[in-house]
Amino acid sequence: MGHWGYPGIITLMFLESSFFPFPSEVVIPPAGYLASKGSMNLALVIISGITGSLLGSIFNYWLAIKFGRPFFEKYGKYLFINKESLDKADRFFQRHGHISTFTGRLLPVIRQYISLPAGLARMDFFLFCIFTALGAGIWVVILACIGFLFGNNQELVLSHISHISYALVVTCIALILVYIWIYNKRAKEQNPN
């Protein structure tokens, strides 16, 4: 990070947010640590991390739009995917894409791939960018702060990341349950019969 600077953070976080298996945990905490030493600026580390995450997600979104739907329409029958299931996915992301994208960005493994179904379903691009940036922003801020506070102790960094990852999973499950409850309640109010 010291040699690559902020463009390096953007590049590596772009890779992390696209389909390349590159963990953000090896990018942002070291940059946060460098910020604690005065070699980097913490705010710029966070902005660079979010920018890279958003750009990588947009790349996946674009790939899904460009190649996803035509591929599945042509070869989906071999994967037990038909036009009806694609249409259902479209409707789901039209109604619930914001919560799916936001929580997906906070969950391990899913964060790299949530852009693909969003693009495949042609989720509203502006909303996709907003909720991707929000979810990625929370994760980047957490990693940067961990690096800033504990960056000189790798065991503490890994321990805190692990605990926070579990907490985020539980939080996302709770958030989704609350969202479902509110959604169902509104649906019943609009259609009382």
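Bear in mind that the values in this text are calculations on the coordinates, not laboratory data. Given the structure is predicted, the values throughout are model-derived calculations rather than measurements. Quick reminder, even Gly has a Cβ in these numbers, built from the backbone with ideal geometry, and neighbours come from all protein chains shown.
Side notes on the structure shown:
- Volume per residue that the Cα convex hull of the chain spans, once the total is divided by residue count, Å³: 130
- Look at the dipole of the chain built from charges on Cβ: of I28, P7, I110, the Cα furthest out on the positive end belongs to I110.
- Residue separation of N184 and K83 scaled by 0.36 nm, minus their Cα-Cα distance, works out to 33.7 nm of gained length.
- When you work out D = kT/(6 pi eta Rh) for the stretch 4-62 at 25 °C and 0.890 mPa s, using the Kirkwood radius from C-alpha pairs as Rh and the Stokes-Einstein form, the result is 220 µm²/s.
- With a cut-off of 15 Å between beta carbons, the residues surrounding V178 carry a summed charge of +2, where Lys and Arg count +1 and Asp and Glu -1.
- Within the stretch 72-101, backbone nitrogen closer than 12 Å to the virtual label 7 Å beyond the Cα of I130 toward Cβ: 98-99
- Net dipole in debye of the chain [+1 Lys, Arg Cβ; -1 Asp, Glu Cβ; about Cα centre; nearest 20]: 580
- Counting Lys and Arg as +1 and Asp and Glu as -1 over every other residue whose Cβ lies under 14 Å from the Cβ of Y75, the net charge comes to +3.
- Angle between the chain longest axis and helix 5-17 axis [Cα atoms, degrees, rounded to 10]: 30
- The length gained by stretching the chain between R95 and T171 to full extension, at 0.36 nm per residue less their Cα-Cα distance, is 25.2 nm.
- C-alpha long axis of helix 83-104 to longest principal axis of the chain, angle in °: 30
- Calculated mean residue ellipticity at 222 nm for the chain: -25000 deg cm²/dmol, from DSSP H runs with n ≥ 4 weighted as -39500 (n - 2.57), summed, divided by the residue count and rounded to 500.
- Contact order relative to length of the chain, as percent, for alpha carbon pairs under 8 angstrom and 6 or more apart: 27
- The stretch 117-153 and the stretch 15-56 have Cα centres separated by 11 Å.
- Placing unit charges on each Cβ (+1 for Lys and Arg, -1 for Asp and Glu) gives the chain a dipole about its Cα centre, and among I142, G56, A89 the Cα reaching farthest toward its positive end belongs to A89.
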